Structures are given as structure tokens and as C-alpha cells.
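Inspection log for the structure reproduced underneath, given as C-alpha cells.
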Amino acid sequence: MARRLLLLGGIGLILTGMFFGDIFAVYTLHQNAAQVGANLAAAANCRTFRKPACGVCQFRNIGMFLENRGTKVDAHVHMIDFGYLALLLAILQPWVSFAESWKKKIAWVF
């Protein structure tokens, strides 16, 4: 039972992480990449026209877009990693010497 739970949970986490990653790529990543490019071009123009305060603002915007990207990438990658970890634990279940009730409890907690 615990092995099945870990297998199904791991596959579910992997699929959910991949689905979330696809949604993120389509609706957030490409728009953020366009905004980062536009802000870099604007920062270069600020340097050309000798407006340092304008360039600082553009780089602050770039930092916000990259931070938004980083948190979303971390979320779905960690979800996939926990799915693979659950699959590994399911493979190792026969060699764990806990009672079956404890294996189920650990699988539910994981």
C-alpha cells in the first residue's frame, strides 16, 4: 500500500510540476523575457542620453522580472524533484524494515 501511494504521489507530483511549468512558460516566461529585453534597451538608451537615474530604474525593473521568473521556476522544479524522490522511495520500499503501518504513515506524510 505504501509503495503504491508513493508511486502514485510521485507520478502526480511530476505531472503537476510539468503542467505548471508549461503554463508558466506560455503565460509568464515569454512575456517576462520581452519585458527584460525592453528594459535592457531602455537602460542602454539612458546611458546614451546620460541619464543615470533612468538606467537605475530600468535595472530595478529587470531585477523584479527576474525575481518573478526565479520563484516560479523554483516552485515547479521542486515539485518535480519531490516526485522523483517519491519514486525513489517507492523503489526502496522492499528494503526498508519498518512495519507496514509505519510505511503507510510515512508515505502519507511525504
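The residues listed here are Leu66, Leu87; of these, the one that is modelled with pLDDT of 80 or more and over 20 Å from Leu15 (Cα atoms) is Leu66.
Scanning region 7-62 for residues that are open to solvent by less than 40 Å² (accessible area, probe 1.4 Å) and in contact (Cβ under 8 Å) with a residue 60 or more places away in the chain returns Gly9, Gly10, Gly12, Ile14, Gly17. Here Arg60, Arg47, Arg69 are screened, and the one residue that is in a helix (DSSP H, G or I) and within 30 Å of Val109 (Cα to Cα) is Arg69.
Take the conditions (1) without any contact (Cβ under 8 Å) to a residue 60 or more places away in the chain; (2) within 15 Å of the chain's Cα centre (by Cα); Gly83 misses just one of them, which is (1).
The values are calculated or read from the model by the stated rules, or taken from the named source; none is laboratory data. No experiment lies behind these values; they were computed from the predicted model shown. Neighbour counts are summed over all protein chains in view; Cβ atoms, including those assigned to glycine, are modelled from backbone coordinates with ideal geometry. The accessibility values were calculated without ligands, DNA or RNA, using every heavy atom of the protein model including side chains. Shrake-Rupley method; radii C 1.70, N 1.55, O 1.52, S 1.80 Å.
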